[in-house]
Amino acid sequence: MNQKEIRWRQRFENFDKAYKQFQSAILDFGNLNILEKEGLVQRFEYTFELAWKTLKDYLESQDVIVKFPREIIKSAFHYEIIQDGEVWMDMLENPNLLAHTYNRERFNFAVKKIKEEYYGAILQVHNYLGGKI
């Protein structure tokens, strides 16, 4: 196993741990209070970051050189690792969606988007990459 292969597998281990914490919050969503939903937002943020970094390392292990998050997402979509490129670009381009969670309306919108769109996209990539381990 070469260094790039080892690197992406190590990164996946971290992504997997983050994903499982994120998933537990999603699965228990109906029982979460406001403070716990704020924690869900935080779990999404670090899980998403680890997801695209894991994608980068995986692509590089396949000799696809990518540097920037947008480029990583486009390449992962091109190589059919990501099924819904639009949702991934939305996650990347909307950090402000989560920046003002003190505003109840924006907070509810962000949580809904995380639960109904973003979780499924991250799940799909987690399953794909997990199948490569």
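The values are calculated or read from the model by the stated rules, or taken from the named source; none is laboratory data. Here the structure is a predicted model, which means the values were calculated and not measured. Cβ coordinates were reconstructed from backbone atoms using ideal geometry, including for glycine residues, and neighbour counts include every protein chain displayed.
Just to be sure before I move on: is ILE65 out of contact with any strand residue (DSSP E or B) (no Cβ under 7 Å at 6 or more places or on another chain), in contact (Cβ under 8 Å) with a residue 12 or more places away in the chain and farther than 16 Å from LYS113 by Cα in the structure I sent? Working first, answer last.
Values: out of contact with any strand residue (DSSP E or B) (no Cβ under 7 Å at 6 or more places or on another chain): yes; in contact (Cβ under 8 Å) with a residue 12 or more places away in the chain: no; farther than 16 Å from LYS113 by Cα: yes.
The answer is no for ILE65.
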The lone exception for ILE133 - which of (1) modelled with pLDDT under 95; (2) touching a Gly at 6+ places or on another chain (Cβ under 9 Å) it fails: (2)
Qualifying position, being under 24 Å from GLN10 (Cβ atoms) and either touching a residue at least 60 places away in the same chain (Cβ under 8 Å) or among the hydroxyl-bearing types (Ser, Thr, Tyr) (or both), among TYR118, TYR128, TYR102: TYR128
Given (1) outside any helix (DSSP H, G or I); (2) under 11 Å from the mean Cα position of the chain (by Cα), index of the condition LYS53 fails: (1)
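Restricting the range 41-88 to residues that are aromatic (Phe, Trp, Tyr) and under 16 Å from ARG9 (Cα atoms), which is surrounded by the fewest Cβ atoms within 10 Å (Cβ to Cβ)? Lay out the reasoning, then the answer.
In the first step, residues of the range 41-88 are kept if they are aromatic (Phe, Trp, Tyr); the result is 44, 46, 48, 52, 58, 68, 77, 79, 88.
Next, only the ones that are under 16 Å from ARG9 (Cα atoms) stay: 52, 58.
Working: TRP52: 23, TYR58: 26.
Residue satisfying both the conditions and the ranking: TRP52.
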Count of residues meeting criterion [part of a helix (DSSP H, G or I) and among the β-branched types (Val, Ile, Thr)] in the range 59-79: 2
